[in-house]
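J.: Here it is, the structure in full.
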Amino acid sequence: MAIVDRRKFTTGLLGLGAVSAGLNLPAYAQGKRPKVVVIGGGAGGATAARYLAKDSKGAIDVTLIEPTRKYYTCFFSNLYLGGLRDYDSIGHTYDALAAGHGVNVIHDWAVSVDTAAKTVELGSGAKVAYDRLVISPGIDMKYDSVAGYSVEGQDTMPHAWKSGTQVALLKSQVENMREGGTFVMVPPPNPFRCPPGPYERISMIAHVLSKKNPTAKIIVLDPKEKFSKQALFEEGWQKHYPGMVEWIPASVSGGVKNINMETMEIETDIDTFKADAASVVPAQKAGAICGRAGLTEGDWCPIVPATMQSRADENIHVLGDASVASAMPKSGFSANSQAKVAAMAIRGALTGSKVFEPRFANTCWSLIDADDGVKVGASYKAGEDKIEVADKFISKTGEDEALRKATYEESESWYTAISADMFS
Ligand SMILES: Cc1cc2nc3c(=O)[nH]c(=O)nc-3n(C[C@H](O)[C@H](O)[C@H](O)COP(=O)(O)OP(=O)(O)OC[C@H]3O[C@@H](n4cnc5c(N)ncnc54)[C@H](O)[C@@H]3O)c2cc1C
């Protein structure tokens, strides 16, 4: 089936009276082709749509709802920032999902979910029926978590924490900083998308500045006391960018008290820092559609570990950053892994196919300087209440250059593989 524009879309739309309310038998047992709707075409959603369509060999009618026509991965956006990748190389279309796997791709927003009628309402006003719904909308920002920051402020001090053009804006601001200027990074509090991401970003900005603007400084005003792969990053900053990066935890700075966007001043208890360029990444929450569908508890969506089903609605599976995946970090690798577990559970429920014991995996690679890659990762199992660590590993300080280069090359192979696993 081809990609359809929302104005032309008809397949899968439904007169609401056609919903077979009251029939508890699975669709396949009623001789119908079951319908799965996926909201969000990112790491979790694109993978789920692809696996559901591919592995069911057309037995399931899969519809993917995603507003953008090209998805730019946040993963490897730091390498683009560091000048080690071009922007095009991190962009992916939905053409192969539609043409190769028969996924109905609708480019629109999902605006609400009627969990009783089992329909999703689109921005166009059309409704799409589902037997199972998969939601993987990623994160939204809590802009007011940093005093003085705002939606408008993201053009002055880009968070660049969602896929899209913000990272290009940040890149040009870094490259155009005055000689000897100061870059200020304000990382988010836990829990947030990609725990090592802010520190890889600092590394890649240091990589650029060390070449173009070697007397520049990077100040990191962290609301946290520690961070992912801290010893590895600090060792790398000392080795590659001595004296350039100053990381200040909240216990020392007192935390960010206010940001003045006009003067580019960031106020803390110890000092007011004047930035020539800055990136502020606020606290985060599940994408807004999750709250509107009644799936959130606090900021995130609790799930059943073995199937990624929402604790609030057994017909809905929540994937990726929006879910409470306990030990699993919010990462593209995690979202991809959870999507395969959910797709297997959904196929089992809707077509009677065999379901195996779920296994999850994640590795987060980070690049500290060209060819100096480090990683942290784990395999996971579904516990009764939580996803639990089965086995874990992390790079060590003091590793030799050949191993670090091999780790970086491994990350490049991973990027190629996961992109194909989502979009090919
Ligand atoms: C700087 C940075 C570096 C990172 N590096 C890595 C890395 O090296 N490795 C790694 O594994 N992860 C990395 N990540 C994390 C990774 O990008 C996310 O964890 C991952 O994208 C989460 O997948 P998701 O499906 O939950 O959300 P997303 O991939 O963000 O996809 C969500 C999609 O849903 C769509 N959407 C939202 N709301 C709606 C709606 N109402 N209707 C329809 N569509 C909607 C959005 O348009 C979007 O396309 C990084 C993140 C950042 C910011």
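The values are calculated or read from the model by the stated rules, or taken from the named source; none is laboratory data. Fair warning: this is a prediction, and the values are worked out from it, not measured in the lab. Virtual Cβ from ideal backbone geometry, glycine too; neighbours counted across all protein chains shown.
J.: Out of the residues in segment 80-95 that are part of a helix (DSSP H, G or I) and more than 9 Å from the ligand (Cβ to nearest atom), state the one that is nearest to residue 173 (Cα to Cα).
T.: Ranking the candidates gives 80 first.
J.: Among the candidates 330, 340, which residue alone is touching a Ser or Thr at 6+ places or on another chain (Cβ under 8 Å) and of a type in the set (Lys, Arg)?
T.: Just one listed residue meets the conditions, 340.
J.: Within segment 82-91, is there a residue that is surrounded by 22 or more Cβ atoms within 10 Å (Cβ to Cβ) and not small (Gly, Ala, Ser)?
T.: Looking through segment 82-91, none of the residues is surrounded by 22 or more Cβ atoms within 10 Å (Cβ to Cβ) and not small (Gly, Ala, Ser).
Every residue, every condition in (1) without any contact (Cβ under 8 Å) to a residue 60 or more places away in the chain; (2) more than 16 Å from the ligand (Cβ to nearest atom), yes or no:
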| site | (1), (2) |
| --- | --- |
| 230 | yes, yes |
| 240 | no, yes |
| 262 | yes, yes |
| 270 | yes, yes |
| 280 | no, no |
| 285 | no, no |
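One line per residue, one yes/no per condition, for (1) among the acidic types (Asp, Glu); (2) away from the ligand (no atom under 16 Å from the Cβ); (3) outside the structural domain of residue 43 (by TED's automatic domain parsing); (4) farther than 29 Å from residue 301 by Cβ:
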position	(1), (2), (3), (4)
128	no, no, no, no
150	no, yes, yes, no
158	no, no, yes, no
163	no, no, yes, no
174	no, no, yes, yes
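J.: Does residue 336 count as within 16 Å of the ligand (Cβ to nearest atom) and either over 18 Å from residue 140 (Cβ atoms) or surrounded by fewer than 24 Cβ atoms within 10 Å (Cβ to Cβ) (or both)?
T.: The answer is yes for residue 336.
J.: Return yes when residue 148 is surrounded by fewer than 21 Cβ atoms within 10 Å (Cβ to Cβ), out of contact with any Ser or Thr (no Cβ under 8 Å at 6 or more places or on another chain) and assigned to a loop (DSSP other than H, G, I, E, B) and no when it is not.
T.: In short, yes.
J.: Taking segment 131-157 only, how many residues are in contact with a helix residue (DSSP H, G or I) (Cβ under 7 Å, 6 or more places away or on another chain) and among the hydroxyl-bearing types (Ser, Thr, Tyr)?
T.: Number of matching residues: 3.
J.: A further question on this structure: Could you check, for segment 380-392, whether at least one of its residues is within 18 Å of residue 79 (Cβ to Cβ) and either outside the structural domain of residue 210 (by TED's automatic domain parsing) or surrounded by fewer than 16 Cβ atoms within 10 Å (Cβ to Cβ) (or both)?
T.: No, the conditions are met nowhere in segment 380-392.
J.: Right, here's the next one. So which residues in segment 344-370 are more than 8 Å from the ligand (Cβ to nearest atom), within 25 Å of residue 392 (Cβ to Cβ) and in contact with an Asp or Glu (Cβ under 9 Å, 6 or more places away or on another chain), if there are any at all?
T.: Once the filter is applied, which keeps residues that are more than 8 Å from the ligand (Cβ to nearest atom), within 25 Å of residue 392 (Cβ to Cβ) and in contact with an Asp or Glu (Cβ under 9 Å, 6 or more places away or on another chain), segment 344-370 yields 344, 367, 368.
J.: Moving on. Could you list, in sequence order, the residues of segment 141-156 that are hydrophobic (A, V, I, L, M, F, W, C) and under 20 Å from residue 190 (Cα atoms)?
T.: Selection gives 141, 146, 147.
J.: Give the residue that is farthest from residue 66 (Cα to Cα), with candidates limited to residues of segment 400-411 that are charged (D, E, K, R) and surrounded by fewer than 16 Cβ atoms within 10 Å (Cβ to Cβ).
T.: For segment 400-411, the residue satisfying everything is 400.
Residue-wise test of (1) within 9 Å of the ligand (Cβ to nearest atom); (2) within 22 Å of residue 117 (Cβ to Cβ); (3) in a loop (DSSP other than H, G, I, E, B); (4) at pLDDT 95 or above.
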residue	(1), (2), (3), (4)
29	no, yes, no, no
36	no, yes, no, yes
41	yes, no, yes, yes
46	yes, no, no, yes
50	no, no, no, yes
67	yes, no, yes, yes
71	yes, no, no, yes
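J.: Cβ-Cβ under 9 Å, sequence separation 6+ or interchain: first residue in segment 299-321 and away from the ligand (no atom under 11 Å from the Cβ), partner aromatic (Phe, Trp, Tyr). Which pairs?
T.: Every condition considered, the pairs that remain are 305/360; 305/380; 315/130; 316/130.
J.: Provide a single number: the residues in segment 52-65 that are among the basic types (Lys, Arg) and either modelled with pLDDT of 95 or more or in contact with a strand residue (DSSP E or B) (Cβ under 8 Å, 6 or more places away or on another chain) (or both).
T.: Of the residues in that region, 1 qualify.
J.: Restricting attention to segment 130-139, and to residues there that are more than 8 Å from the ligand (Cβ to nearest atom) and in a strand (DSSP E or B), which single residue is nearest to residue 161 (Cα to Cα)?
T.: Across segment 130-139, the extreme among qualifying residues is 135.
J.: Can you name the condition, by its number, that residue 182 falls short on among (1) surrounded by fewer than 23 Cβ atoms within 10 Å (Cβ to Cβ); (2) within 30 Å of residue 349 (Cα to Cα); (3) in contact with a Phe, Trp or Tyr (Cβ under 8 Å, 6 or more places away or on another chain)?
T.: (2)
J.: Looking only at segment 206-256, filter to residues that are in a loop (DSSP other than H, G, I, E, B) and acidic (Asp, Glu); which one of those is nearest to residue 267 (Cα to Cα)?
T.: 222
J.: Return the residues of segment 151-179 that are small (Gly, Ala, Ser) and surrounded by fewer than 18 Cβ atoms within 10 Å (Cβ to Cβ); say none if nothing qualifies.
T.: 164, 168, 172, listed by residue number.
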